[in-house]
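Take a look at the structure set out below.
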Number of protein chains: 2
Amino acid sequence: MKHNFGAGPCILPKEVFQEASEAVIDFDNTGLSILEISHRSKEFEQVVLEAEALVRELMNVPTDYSVLFLQGGASQQFAMVPMNILPEGGKAAYLDTGVWATKAAKEASKLGNVEIVASSADKNYTYIPKNFAVPADAAYFHYTSNNTIYGTEIFEKPIVPIPTVVDMSSDILSRVIDVADFDLIYAGAQKNMGPAGVTLVIVKNELLGKSGRVIPSIFDYQQHAKAGSMYNTPPVYSIYVSMLNLRWLKAKGGVDVIEQENLIKARTLYDEIERNPFFKGTANEMDRSRMNVTFVMDNAEQEAAFLALAKERGLIGLKGHRSVGGFRASIYNALSITSINALVDAMKEFEEKQSS
Amino acid sequence: MKHNFGAGPCILPKEVFQEASEAVIDFDNTGLSILEISHRSKEFEQVVLEAEALVRELMNVPTDYSVLFLQGGASQQFAMVPMNILPEGGKAAYLDTGVWATKAAKEASKLGNVEIVASSADKNYTYIPKNFAVPADAAYFHYTSNNTIYGTEIFEKPIVPIPTVVDMSSDILSRVIDVADFDLIYAGAQKNMGPAGVTLVIVKNELLGKSGRVIPSIFDYQQHAKAGSMYNTPPVYSIYVSMLNLRWLKAKGGVDVIEQENLIKARTLYDEIERNPFFKGTANEMDRSRMNVTFVMDNAEQEAAFLALAKERGLIGLKGHRSVGGFRASIYNALSITSINALVDAMKEFEEKQSS
């Protein structure tokens with residue numbers, strides 16, 4: 001058995017893979033592959049409607065928000081957000097908590113003025129800046145809620161006097177949030193929502209149509225909202241598999257149930273990192289992510305030895321990002337506690353071998 | 001057995017569906033689903049490299065062109081083309097041969113000046129305009145090579161004094177073209193290349209980096225070229241299935257072999273439309289598409305009766321687009337002559353029933 005700790009695209013539930021595999025041969029008893037059906041067929045329109053309904057239900061999305069399934073990943077949102085809500089000559093405020101936050105700010109700066117309200121670059125993004133001021137005259141405040149590379153996460157939405165936009169690519173649907181706290185949420189699907197190739201956008205309708213910019217239709221949230229995410233041919237299979245995964249999450253009991261599991265998973269692993277003298281965490285304790293657990297050892301030799309042991313035990317995807325080194329265990333929704341325990345066992349085994 | 005004449009997303013070869021289905025459970029003997037592997041894994045990097053190599057080989061792409069796999073469909077290219085190659089204040093020339101050509105021109109007009117060099121709107125796009133003049137001071141000339149809705153196709157590239165951009169979404173890989181005749185080719189995958197969710201762009205490198213515009217990275221062809229289509233997380237599964245489909249096309253003998261099959265398929269169906277007194281084609285004979293065959297009957301009652309008979313015979317996706325009416329048989333690469341014969345048989349059966 002393999003335990004997939006990869007950072008994304010990542011593990012999804014086995015049941016989802018099974019059904020997703022079958023639909024490539026015969027979708028919904030149509031006698032056709034999900035890959036060859038028209039996106040305008042009533043069967044597929046039903047898939048999009050159900051996916052949207054599941055997002056609304058699982059996240060308790062207020063009715064005055066649109067729920068969109070787009071393409072291009074979070075990286076495309078780095079451009080679409082300012083295109084849609086940053087007026088020409090206007091200013092946006094960005095919090096810098098890592099590579100992705102930096103990229104988001106850089107892309108926005110091509111379309112307007114960007115003010116970095118705070119940054120944790122001074123300590124290689126191992127902590128989340130607090131007590132920063134956000135200019136009241138900015139069009140919006142942007143932050144990244146979970147920083148996959150550095151293993152940090154922002155659990156409490158900063159209180160700011162302007163609309164808040166959040167990149168939730170790697171922690172959406174992993175814990176309960178109040179959507180009404182935000183004005184625009186976006187997330188590449190390929191962590192907790194589904195496979196690569198689709199992007200979720202949840203946006204408060206009143207935010208739109210005010211930038212005064214001429215926006216190409218394909219980048220205009222209002223066009224996609226009006227068309228129910230079918231402005232053009234959508235990424236059919238990625239939406240379908242996301243829908244299956246959202247069904248799985250609902251059947252499990254929803255976001256509050258998965259949040260409890262995620263808390264236990266994260267706690268179990270962080271506890272072992274703290275206990276085991278061979279490992280140490282890299283992120284500031286109060287900012288530690290529940291999705292990506294980053295940790296290191298004393299030297300490169302030990303790390304290589306542990307990675308080899310991990311591989312033997314079927315634990316994969318554990319190598320840390322080059323800018324942090326060591327290990328990163330991505331422990332998304334679909335990763336079971338069994339896999340966490342397998343990792344903890346390997347850490348203990350390593351300790352025993354070294355100590356004997 | 002179902003015969004899928006849908007306009008797209010459309011039929012792909014059964015062998016491709018089979019392998020695509022298996023990879024959702026176990027990709028390439030990794031023990032992992034294709035949906036959960038990292039796009040940075042060597043296994044998936046190999047997929048992208050092979051897909052690009054297959055496009056280059058099958059289409060004989062010159063080395064000074066980039067081959068890119070992007071997201072957002074042809075509709076996103078409607079905006080990305082002018083962003084990348086239309087200077088601010090510059091002019092582009094568009095040929096208007098249908099709804100998609102019109103949309104392409106409309107989106108470009110948001111970014112610069114657009115001159116429509118000719119249009120067949122006067123006859124509901126049933127023909128391809130000829131003998132039009134293209135302004136030598138325009139940045140590029142754009143046309144749509146196959147018009148799915150109206151069943152027309154442009155087989156000979158118009159000779160123009162400026163770079164040519166072509167939307168080949170619905171006839172790419174269906175017939176031999178000389179890529180060197182073009183400066184930029186784009187195509188949503190979901191006809192002859194693969195499933196929905198990925199877009200092919202083939203662009204002459206010297207065309208790029210000259211518009212003088214500040215382009216968000218995600219919309220900049222040069223960024224994608226530099227990153228080998230991995231600027232950000234690509235649409236993993238759509239690229240994988242496209243790669244399988246390109247392999248299938250190569251194993252069949254390549255584009256010249258499929259072109260001969262496509263010629264026979266189209267000829268067989270057009271012959272029956274001409275012979276059978278109950279049907280008539282809608283497109284100008286010399287401009288008739290080999291990919292989408294549009295035809296009508298004398299009245300709506302007959303059409304409903306024929307559609308019912310077709311359905312009984314397992315022939316699906318034949319209903320014409322609302323702006324043309326009647327029928328549209330999309331006969332893409334993966335549709336076999338067996339399906340064409342089944343349609344012709346149904347047309348003959350209808351004739352006999354009506355005549356008896």
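The values are calculated or read from the model by the stated rules, or taken from the named source; none is laboratory data. Predicted model only: the values in this text are computed from it and were never measured. In this analysis, Cβ positions are derived from the backbone assuming ideal geometry, glycine residues included, and neighbour counts consider all displayed protein chains. When the accessible area is computed, the model is the full protein with side chains, heavy atoms only, and any ligands, DNA or RNA have been set aside. Shrake-Rupley method; radii C 1.70, N 1.55, O 1.52, S 1.80 Å.
Numerical summary
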| read-out | value |
| --- | --- |
| Residue satisfying condition, being modelled with pLDDT of 95 or more, within 14 Å of chain B (Cβ to nearest Cβ), part of a loop (DSSP other than H, G, I, E, B) and open to solvent by 20 Å² or more (accessible area, probe 1.4 Å), within set A:I215, A:I149, A:I177 | A:I215 |
| Neighbours by Cβ (under 9 Å, 6+ apart or cross-chain): first from the stretch B:67-96, open to solvent by 20 Å² or more (accessible area, probe 1.4 Å); second among the acidic types (D, E) | B:K91/B:E115; B:K91/B:D137 |
| Filter result for A:F17 (at the interface with another protein chain (Cβ under 9 Å from one of its Cβ atoms), open to solvent by less than 20 Å² (accessible area, probe 1.4 Å) and without any contact (Cβ under 8 Å) to a residue 12 or more places away in the chain) | yes |
| Subset tally (residues that are out of contact with any His (no Cβ under 9 Å at 6 or more places or on another chain), in contact (Cβ under 8 Å) with a residue 60 or more places away in the chain and in a helix (DSSP H, G or I)) for the stretch A:223-237 | 3 |
| Residue that is farthest from the chain's Cα centre (by Cα), among those in the stretch A:321-333 that are under 15 Å from A:P9 (Cα atoms) and part of a loop (DSSP other than H, G, I, E, B) | A:H321 |
| Positions within the stretch A:272-300 being at pLDDT 95 or above, of a type outside the set (K, R) and part of a helix (DSSP H, G or I), in sequence order | A:E272, A:I273, A:E274, A:E285, A:M286, A:D287 |
| Pair list, Cβ under 9 Å, 6 or more apart: the stretch B:97-114 residue at the interface with chain A (Cβ under 8 Å from one of its Cβ atoms), other residue among the small types (G, A, S) and assigned to a strand (DSSP E or B) | B:L111/B:A92 |
| Residue count for the stretch B:25-53, restricted to those that are under 23 Å from the mean Cα position of the chain (by Cα) and surrounded by fewer than 19 Cβ atoms within 10 Å (Cβ to Cβ) | 3 |
| Scan of the stretch A:1-14 for residues that are open to solvent by 10 Å² or more (accessible area, probe 1.4 Å) and either hydrophobic (A, V, I, L, M, F, W, C) or free of Cβ contacts under 8 Å to residues at least 40 places away in the same chain (or both), ordered by number | A:M1, A:A7, A:I11, A:K14 |
| Contacts under 6 angstrom Cβ, first residue in the stretch B:157-175 being over 14 Å from B:G188 (Cβ atoms), partner among the β-branched types (V, I, T), 6 or more apart | B:V160/B:V134; B:V165/B:V81 |
| Selected residue (only one of A:E19, A:E36, A:E43, A:E52 is part of a helix (DSSP H, G or I) and in contact with a strand residue (DSSP E or B) (Cβ under 6 Å, 6 or more places away or on another chain)) | A:E52 |
| Residue in the stretch B:184-199 that is assigned to a loop (DSSP other than H, G, I, E, B), more than 14 Å from chain A (Cβ to nearest Cβ) and in contact with a strand residue (DSSP E or B) (Cβ under 7 Å, 6 or more places away or on another chain) present | no |
